[in-house]
1. For residue 271, work out the one condition from (1) crowded, with 21+ Cβ neighbours inside 10 Å; (2) touching a strand residue (DSSP E or B) at 6+ places or on another chain (Cβ under 8 Å); (3) modelled with pLDDT under 95 it doesn't fulfil.
2. Identify, please: which residue in the range 24-78 is within 21 Å of residue 278 (Cβ to Cβ) and of a type in the set (Phe, Trp, Tyr) and is, among those, modelled with the highest pLDDT?
3. Considering the range 398-424 alone, what residues qualify as being within 22 Å of residue 351 (Cβ to Cβ) and not charged (D, E, K, R)?
4. Quick one: how many residues across the range 425-460 are surrounded by 15 or more Cβ atoms within 10 Å (Cβ to Cβ), of a type in the set (S, T, N, Q) and modelled with pLDDT of 95 or more?
5. Take residue 196 and decide whether it is assigned to a loop (DSSP other than H, G, I, E, B), at pLDDT 85 or above and surrounded by 17 or more Cβ atoms within 10 Å (Cβ to Cβ).
6. Which condition breaks for residue 368 when tested against (1) under 25 Å from residue 414 (Cα atoms); (2) crowded, with 19+ Cβ neighbours inside 10 Å?
7. Can you give me the number of residues within the range 56-66 that are part of a helix (DSSP H, G or I) and surrounded by fewer than 20 Cβ atoms within 10 Å (Cβ to Cβ)?
Amino acid sequence: MNKECGNVICSDEMKLFCSVLFKFFRSWTGILVLMLSGLAGCATYSGSFRVVERDLAAQKYDAALSDVEKESKSTKDRVLYLLNKGMILRMKRDLVGSNVAFEAAKTEMNRLYAASVTENALSVMVNDSMVSYSGDNYERVLLHLYMALNYLELDQPDSARVEALQVDDDLRQFAEKHPGTKFSEDAFTLYLTGMIYEDRGEWSDAMISYRNAYEAYKRESADFTGAIPPLLKSDLLRMARQQGLTDELHKYETEFGADLQNDKSVDPDQGELVFILNNGLAPVKHERAMTLFDPNSGTVVRIALPYYHSQNNNVVAARITINDKQATTELTENIDAVAKKNLAAHMPAIIARSVARAVVKAEAVKKAREVAMNNSNNGNNDNALFGMLGVLALQVAAVATEQADTRSWLTLPSNIQMARLSLPPGSYSVRVELLGSDRLVVATQNTPEFVIKKAHKTFLTQHWIPHQPTTRELE
């Protein structure tokens, strides 16, 4: 049986899902009570997040943290609270505090990931957002990635490597549970792992990771990234030369063309800056809904499904400058595309659950109407009046509570980009010029001072969030 944990129940289990609901809610009054209890939570999650986005765009991180803190009161949204808190803390440069929040999110995700199908079936009687959010699979991968980046900036490469390697375990579980899923590997995490190995002098492992990253980028290029980062191609050529892999070197030279064939080995007397731009904000989930008349039950039913809407962003790349050296960022992870493809893969199960709920709610309204009519026919006018009022309340609740689950990790960037510069050992700061689609400078940022060590990589990350990011649903 094709099972799926967390917030998604596979279509193979929809019969079990429906049977559990019918057995548990034997009376229409039970369904009414449950649905009315869910009316208070009908505001969409994405809509409530706009004030946080405005704070982040203005770099008012303390205000954003204060707004996010309101989420901590919701047990079912605790994972999102911890993820957003961790990301805002890293924007604020509190990397230690960020990883504390991320570690707590990881623990909670692992607990919820083991939730049973029956528990989820009962929880989503009202709508999918009644389930405790356990994180989508790509969000679990990115959690490890950002913990690894935090550790790298804290100069703790061993801890960073542990986080990067945990991604393989998560992705292996995804592949086992969801055969055929497109998100079964993450090229940028493989690439980052290779850089960690190389910085530690573990050349063979670095070459394996770079090779795996290259193959992953090729597989992902049509769906997620769009192109293989030229920096990775240079790394493969350099490492193949260094390790005397003549046949592999010739293969890469043939595939990559003449532009990269003259790349030389890294100067052993220099270090390297690895600059990572977290660009924009992740896409936002909204809902599309249809309200229809069901002739079989004589009731009105509503189907509500989520979809992702990309946020506006005026930056396509960043140019970094240190003294007389410059480099421009390259796309390494398209989170916007990953999120949309991931939702598309889950959509059959989401549709199946929505239809199953509509059937259950329609049958409950139909049953309530039959009871009221029987009371009326038997002369029980008081009971009949009460019953018809109950029918009306049940019909309103059935429609009002059918909403799409619009929760997601909204403080993620739209995409991740990277640039690298070889530099002599010393202390530096970077001038970051954010470039628009016409390659003109949109904004300028300066990074904190950092140290370059001989023959080592120094990792530095920066976030860019445009002023007035758009989360308004398109009509």
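The values are calculated or read from the model by the stated rules, or taken from the named source; none is laboratory data. What you see is a predicted model, and the numbers here were worked out from it, not measured in a lab. All Cβ positions, even for glycine, are placed from backbone atoms using ideal geometry, and neighbour counts span all protein chains on display.
1. The number of the failed condition is (3).
2. Residue satisfying both the conditions and the ranking: 61.
3. Filtering the range 398-424 for residues within 22 Å of residue 351 (Cβ to Cβ) gives 398-408.
Hits for the range 398-424 are 398, 399, 400, 401, 403, 404, 406, 408.
4. So the answer is 1.
5. Working: assigned to a loop (DSSP other than H, G, I, E, B): no; at pLDDT 85 or above: yes; surrounded by 17 or more Cβ atoms within 10 Å (Cβ to Cβ): yes.
Against the criterion (assigned to a loop (DSSP other than H, G, I, E, B), at pLDDT 85 or above and surrounded by 17 or more Cβ atoms within 10 Å (Cβ to Cβ)), residue 196 does not qualify.
6. (1)
7. Initial filter on the range 56-66 (part of a helix (DSSP H, G or I)): 56-57, 61-66.
When the remaining residues are screened for being surrounded by fewer than 20 Cβ atoms within 10 Å (Cβ to Cβ), the result is 57, 61-63, 65-66.
Looking only at that region, the number is 6.
One line per residue, one yes/no per condition, for (1) surrounded by 21 or more Cβ atoms within 10 Å (Cβ to Cβ); (2) in contact (Cβ under 8 Å) with a residue 24 or more places away in the chain; (3) assigned to a helix (DSSP H, G or I):
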position	(1), (2), (3)
82	yes, yes, yes
86	yes, yes, yes
89	yes, yes, yes
93	no, yes, no
96	no, yes, yes
99	yes, yes, yes
104	no, no, yes
107	no, no, yes
111	no, no, yes
